[in-house]
Structures are given as C-alpha cells and as structure tokens.
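The values are calculated or read from the model by the stated rules, or taken from the named source; none is laboratory data. The shown structure was predicted, so the numbers you read here are calculated from the model rather than taken from an experiment. For neighbour counting, all protein chains shown are included, and Cβ atoms are generated from backbone atoms with ideal geometry for every residue, glycine included. What goes into the accessible areas is simple: the full protein's heavy atoms, side chains included, and nothing from ligands, DNA or RNA. Shrake-Rupley method; radii C 1.70, N 1.55, O 1.52, S 1.80 Å.
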Amino acid sequence: MRNVPILLVPFCEVVLVVFAFFHPIQGGNFRYTPAIKQKIGNRYMENKPAIDMLEALALTANAGAYTSHMDLISKQVSVYGVPGFEVIGYNDWARQCQYEFDEGILKRVSYEGLRVVTVTHGNVLFKTLETVEGTDGTINRHGVEILIRQEADGKWRVVQERILDENEMEFDSRKA
C-alpha cells in the first residue's frame, strides 16, 4: 500500500492536495481511499463528482489499472478534438489504453484546476488542464472539457470529452 499525492485542485482560493492509498484487490483492479479532503461549503458537494472523477482517472491511469480505468468511461463516450480523428468512441479509447498500459508508455497523468461549467441532475460539465507524461520524456498538456453522467447503475462515467484549443484555454483562463 502506497500513499501518493495524485491531484492538486485550486478550489475557491484553496489548494486541495488529495492523497490516495493504493489497495490491490482481486483481478488486478484497484480501489482508492482518499486520505485528505476538505469540505468547502456547498460548492464542494456540487463539484464532488468532478473532483472524484479526476482523482479516479489519474489514479487508475497512473496505476495502469485497465479494468478500473475503463469502468470510469461510458460505453457511449465520444471524444472530440483529437488531431486526425473526427470522433473517438469507447472501443478506440479502450484499445489505446490497453496498449499504453501494457507497454508501460505512461509515466504519469495529472489534472490541474477545475472549472465547473454546469451542473444538472445526474450531469456535470467541467474544464480542467490535463498533463500526460510519457516514459520517453514527452509531456502533453492540454485543456479538456469533460461531461460526466451518473448512469443507471449509479456510477459516474465520462460520456464526452473535448480537447480544447489554445485560444479557448487562454480565453477561459482570462475569464476565470
């Protein structure tokens, strides 16, 4: 069991540092137990699904926990903004993750910042800055807009992701 900082989230002028314990369980999956979380008024509860999703996405990717990671992704997911592709679906995402996890290509995935755009019953749309570090030294940083939805089984999953262009990220950072 390891205690590892996995996420820094600037939130209401306070930075939350979230630690998680890695707990191996049957089948090579991982569950996580946040060790530190600060409740900051009512906005924390509204933003909690987004915060939890970013924690889980980073944790499962960094652990190479394919099954747990893909359980965070809806079978109806659509990813937009990837150069050379009109849209990426679940099967493409799953195939890419399997390859990257099996080959040990990912060094680290992290998220910075959280700007919740809208919250409706069972849906949260938010923006964040994603950093993906490869074991070959490459670092890809880009803004992403993510829509998560609470599905019929009660689990929150990514149903849409859009990679933002630099102009949109600059506008959002000035607007915030």
- Of the numbered conditions (1) free of Cβ contacts under 8 Å to residues at least 40 places away in the same chain; (2) surrounded by 17 or more Cβ atoms within 10 Å (Cβ to Cβ); (3) of a type in the set (Val, Ile, Thr), Val87 fails exactly one; give the number of that condition. (2)
- Unique residue being open to solvent by less than 30 Å² (accessible area, probe 1.4 Å), on the phi < 0 side of the Ramachandran plot, without any contact (Cβ under 8 Å) to a residue 24 or more places away in the chain and among the hydroxyl-bearing types (Ser, Thr, Tyr) when the list is Thr120, Thr138, Thr131: Thr131
- Query: When Lys107 is evaluated against the numbered criteria (1) open to solvent by less than 70 Å² (accessible area, probe 1.4 Å); (2) within 20 Å of Leu59 (Cα to Cα); (3) charged (D, E, K, R), which criterion, by number, is the only one it fails?
  - Reply: (1)
- Note on the structure: Residue hits (region 45-61; under 15 Å from the mean Cα position of the chain (by Cα) and surrounded by fewer than 20 Cβ atoms within 10 Å (Cβ to Cβ)) are Lys48, Pro49, Asp52
